[in-house]
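Asker: What follows is a single structure, and I will ask about it in a moment.
Read the figures in this text as sums done on the coordinates, not as results from a lab. All values derive from a computational prediction rather than experimental measurement. Here the Cβ is made from the backbone with ideal geometry for all residues, glycine too, and neighbour counts use every protein chain on show.
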Amino acid sequence: MSEIGQYILGQINPTYTTEPIDYTTAYENDWANRKSGTVMPPSPGVDEYTIWYSLEQDILYYKLTVKWRPATLWLAKQLPEWQIVNRSRTAVISASPLRVYENRKRLNSAIGWSDKLKQQSMTERESHEIFQIKMDTTLKYLEFDEEYIAHYIREHSTSSIGEGYRWGQMTSLSTEEWSTFFESTKRNIELLSQNEGRYYDKIWRTGVRARSPGMEHFGNTFKGEIDRSRVITFDVIRSSPNVFIKNKKSWYGEILSKTEDVLDVKPKVYYPYVEGGRIYTIASDLFKDGYTFYARDGKSWDASAGIILGPSFRPELIYMRGISIIGTGAFDTSLDGTIANLANSRNMRGEIIMLGDDNNQFVNGSTGFKDVPWVEEQAADTKYKYILGVSFADADKPTLMGLKAMSDRADKSKPVNYRVPEDQFTEPGKHSPQEIDTWIGMYLGLFGDDTLINKLKKEPLEDMDYLAPSKIMEDIVKKSTGSHSLAIAEREGIKKLVMA
């Protein structure tokens, strides 16, 4: 048996307990002692950047100096200020110790409003029925397909599967090992179902991801301080079933359809994982129909959602300080977040585009929305009609919103060492002219010789395990090399700028 095969199969023998074990202190001690982090590479609009940073007493100070590409300087003159600054991104840099404050803030928030949360949570009956629907449907859609497994490994080659191992190394598993892995995955879903209401007795693996400050105005130098970095949690048992769920669209759709029936959901709800890229056409049509639009996000959603889901979901969640929270890197993270969103939104009106904690409502008249502390309206997103990475300020020609100095691609991140008092380095951009051309065009609502929305509506979003706006857009840019000539540059007369 291969080394990674031994590791994987050694990790998939879970135990569940009737009384929870709180590993919060162990997590936080580990994060505090790791003097490391990551920083992301330049975006397609940046020729190079220089970043100085210093971690002092759980505050990360930074100064980012950006050398924008000539084409970006041209683009900035074409765009209104709101399109530049809203949803913008400057320094995408993280530090492990900052996860401690992030974790405490989210837990404290959810614990603070837990009594009110429980009043709007699923009943025990609803929690039980929906948990069993999810387990039964997952078992139904698990399949051993070597062609899809190979595809999945290619798409996730740099993603972690366990401590020190990445999906790309899984090519060394034999067919026999994969078959054993598949049968173990089925057995573990069955165990989850059988241990409904109990607790998972294991510490999850964790990673770190940056919270990125935005820019107040377009410029070359950005400095400030960061006090939080996101916590990423993953586990072989909880993260790996995706490799055996080939038909994610139907899996996702069947579970959510049955969940809507159990909860008696009032609004019409659209899901990007079910609709795929067509979700952008749906949004465009709803805006054209003249509905009033509200963009809302959940607050401390991994913790808040854990409470909303109810006791039946405990065996697949992480227990911390008296509550069970959703793991960020599980195969059903987005699904669980969406189920909680549905439960919280069941009595709203109109039509909703929903993904995880994102709740984009289109309505005429009463919203049916109950003002609660764990959901907040995003005023700028509402004003500029922002959904899934794009602004529909012009519903016929949606555009990207927010200039980015750095990309947000975990597979391209660079490690940062905070054991030195301070440091700095310069990172060059490595994007092709075609990628730059594509990136520029998307802010103008264009993609090559076509419009951005026509490109987006063809994207198979349902194939993505982790559907985030930045990932959608950056994947499109990444795949653009060789897909078309410098159509935007030639159309706008800026070919020399793009090639510079």
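Asker: Report, by chain and number, residues whose modeled amide H sits under 5 Å from the one on Val416, excluding near sequence neighbours (fewer than 5 apart, same chain).
Answerer: Hits under the 5 Å cutoff: Gly37, Thr38, Val39.
Asker: Here is a further query. With the cut-off at 1.5 for a/c, could you classify the stretch 371-442 from its C-alpha gyration tensor as rounded, prolate or oblate?
Answerer: Numbers: a/c = 3.45, a/b = 1.36, b/c = 2.53.
Since a/c reaches 1.5 but b/c is at least a/b, the shape of the stretch 371-442 is classed as oblate.
Asker: Something else now. Radius of gyration and Dmax for the stretch 56-211's Cα atoms, expressed in Å?
Answerer: Reported Rg and Dmax, both Å: 22.9, 60.
Asker: With an 8 Å cut-off on Cα pairs and a minimum separation of 6 or more residues, tell me the relative contact order of the chain in percent.
Answerer: Details: 954 pairs, mean separation 129.8, N = 500.
After rounding, I find 26 percent.
Asker: Please report, to one decimal in angstroms, the Kirkwood hydrodynamic radius of the stretch 224-268 built from all distinct Cα-Cα pairs. Kindly include the intermediate steps, with their values, before the conclusion.
Answerer: Details: mean 1/r = 0.0706 Å⁻¹.
So the Kirkwood estimate lands at 14.2 Å.
Asker: I'm a student and want to see the number: the projected area of the Cα convex hull of the stretch 1-86, averaged over all directions, in nm². Write down the numbers at each step before the final one.
Answerer: Numbers: hull surface 47.7 nm².
Across all orientations, the stretch 1-86 yields a mean hull projection of 11.9 nm².
Asker: Relative contact order (percent) for the stretch 288-333, with alpha-carbon contacts under 8 angstrom and 6 or more residues of separation? Intermediate results must be reported in sequence, preceding the final value.
Answerer: Numbers: 33 pairs, mean separation 14.9, N = 46.
Relative contact order here is 32 percent.
Asker: How would His151, His156 line up from fewest to most surrounding beta-carbon atoms within 10 angstrom? Write down the numbers at each step before the final one.
Answerer: Numbers: His151 14, His156 19.
In order of increasing Cβ crowding within 10 Å: His151, His156.
Asker: Starting with the fewest neighbours, write out Asp235, Asp437 ranked by other beta-carbon atoms found within 10 Å of each beta-carbon. Numbers along the way, then the final one.
Answerer: On the way: Asp235 24, Asp437 32.
Listing Asp235, Asp437 from fewest to most nearby Cβ atoms yields Asp235, Asp437.
Asker: Report the FRET efficiency, 1/(1 + (r/R0)^6), for Lys370 and Asp297, where r is their Cβ-Cβ distance and R0 is 22 Å, rounded to 0.05. Show your work: numbers first, answer last.
Answerer: Details: r = 16 Å, r/R0 = 0.71.
The pair Lys370/Asp297 has a calculated efficiency of 0.90.
Asker: Given the pairs Lys35/Lys430; Lys202/Lys223; Lys246/Lys455; Lys397/Lys478; Lys397/Lys479; Lys223/Lys288, which span a C-alpha to C-alpha distance of over 30 angstrom in this model? The partial results should precede the final answer.
Answerer: Numbers: Lys35/Lys430 28 Å; Lys202/Lys223 40 Å; Lys246/Lys455 24 Å; Lys397/Lys478 22 Å; Lys397/Lys479 22 Å; Lys223/Lys288 40 Å.
Among Lys35/Lys430; Lys202/Lys223; Lys246/Lys455; Lys397/Lys478; Lys397/Lys479; Lys223/Lys288, the Cα-Cα distance tops 30 Å for Lys202/Lys223; Lys223/Lys288.
Asker: Any idea which of Thr438, Leu79, Ile226 is furthest toward the positive side of the dipole for the chain, if Lys and Arg beta-carbons carry +1 and Asp and Glu beta-carbons -1?
Answerer: Towards the positive end, the residue furthest out is Leu79.
Asker: So, with +1 on the Cβ of K and R and -1 on the Cβ of D and E, and no other charges, what is the size of the charge dipole of the stretch 107-241 about its Cα centre, to the nearest 20 debye? Walk me through the intermediate numbers first.
Answerer: Working: 18 positive and 21 negative charges, 133 e Å.
About 640 debye.
Asker: Assigning unit charges at the beta carbon (Lys, Arg +1; Asp, Glu -1) and nothing else, what dipole magnitude in debye, to the nearest 20, does the chain show about its Cα centre?
Answerer: Values: 63 positive and 70 negative charges, 231 e Å.
Roughly 1120 debye, rounded to the nearest 20.
Asker: Taking N as the number of residues in the stretch 356-400, what is its Cα Rg relative to 2.2 N^0.38 Å?
Answerer: Values: Rg = 12.0 Å, N = 45, 2.2 N^0.38 = 9.3 Å.
This ratio for the stretch 356-400 stands at 1.28.
Asker: Also, quick follow-up: Assuming 0.692 mPa s and 37 °C, estimate D for the stretch 264-343 with Stokes-Einstein, Rh taken as the Kirkwood radius over Cα pairs, in µm²/s. Before the final figure, lay out each step's value.
Answerer: Working: Rh = 14.5 Å.
Reported coefficient: 227 µm²/s.
Asker: Now for a different question. Sort out for me the Cα centre separation of the stretch 382-457 from the stretch 12-79, rounded to whole Å.
Answerer: Spelled out, the Cα-based centre of one part sits 17 Å from the other.
Asker: Which of these values of P(r) over Cα pairs in 10 Å bins from 0, in percent was calculated from the structure shown: [x] 4, 13, 15, 11, 7, 6, 5, 6, 7, 7, 6, 4, 3, 2, 2, 1, 1, 0; [y] 4, 18, 28, 29, 17, 4, 0; [z] 3, 14, 14, 9, 6, 5, 5, 5, 6, 7, 7, 7, 6, 5, 2, 0, 0?
Answerer: Read-out from the structure maps to [y].
Asker: Continuing with this model, one more query. Test of understanding: ordering Asp396, Asp358 by Cβ neighbours within 10 Å, fewest first, what list do you get?
Answerer: Ascending number of Cβ neighbours within 10 Å: Asp396, Asp358.
Asker: With 20 Å as the cut-off, how large is the P(r) tail for the stretch 176-334, expressed as percent of Cα-Cα pairs?
Answerer: On the way: 8303 of 12561 pairs.
Value for the stretch 176-334: 66 percent of Cα pairs lie more than 20 Å apart.
Asker: Translational diffusion coefficient, Stokes-Einstein: compute it for the stretch 159-218 using the Kirkwood radius over C-alpha pairs as Rh, at 37 °C and 0.692 mPa s, and state it as an integer in µm² s⁻¹.
Answerer: Working: Rh = 15.5 Å.
D, rounded to a whole number, is 211 µm²/s.
Asker: Could you check what % of the DSSP bridge pairs in the chain are antiparallel, to the nearest 5? Please report the intermediate quantities before stating the final value.
Answerer: Values: 61 of 65 bridges.
The antiparallel proportion sits near 95 percent.
Asker: Please quote Rg/Rh for the stretch 1-46 to two decimal places, taking the Kirkwood radius as Rh and restricting both calculations to Cα atoms.
Answerer: Details: Rg = 18.6 Å, Rh = 15.4 Å.
Checking Rg against Rh, the ratio lands at 1.21.
Asker: Give me the percent relative contact order of the stretch 1-92, please, defined on Cα pairs under 8 angstrom at least 6 residues apart. Kindly include the intermediate steps, with their values, before the conclusion.
Answerer: Details: 47 pairs, mean separation 18.4, N = 92.
Normalised by residue count, the contact order of the stretch 1-92 is 20 percent.
Asker: Add -39500 (n - 2.57) for each DSSP H run of 4 or more in the chain, then divide by its residues: what number comes out at 222 nm, to the nearest 500 deg cm²/dmol? If you can, show how the numbers build up before the last one.
Answerer: Values: 21 runs with 200 residues, N = 500.
Mean residue ellipticity, 222 nm, calculated: -11500 deg cm²/dmol.
Asker: Count neighbours as other Cβ atoms within 10 Å of each site's Cβ, and list the trypsin sites (Lys or Arg not before Pro) in the stretch 327-407 that are DSSP loop with at most 16 such neighbours.
Answerer: Values: sites: Arg346, Arg349, Lys370, Lys383, Lys385, Lys404; in loops: Arg346, Arg349, Lys370, Lys385.
When the trypsin sites (Lys or Arg not before Pro) of the stretch 327-407 are filtered for loop state and at most 16 Cβ neighbours within 10 Å, Lys370 remain.
Asker: To the nearest whole percent, what portion of all C-alpha pairs in the stretch 255-396 is separated by more than 26 angstrom? Could you put the intermediate results ahead of the total?
Answerer: Values: 2264 of 10011 pairs.
Every Cα pair in the stretch 255-396 considered, those over 26 Å come to 23 percent.
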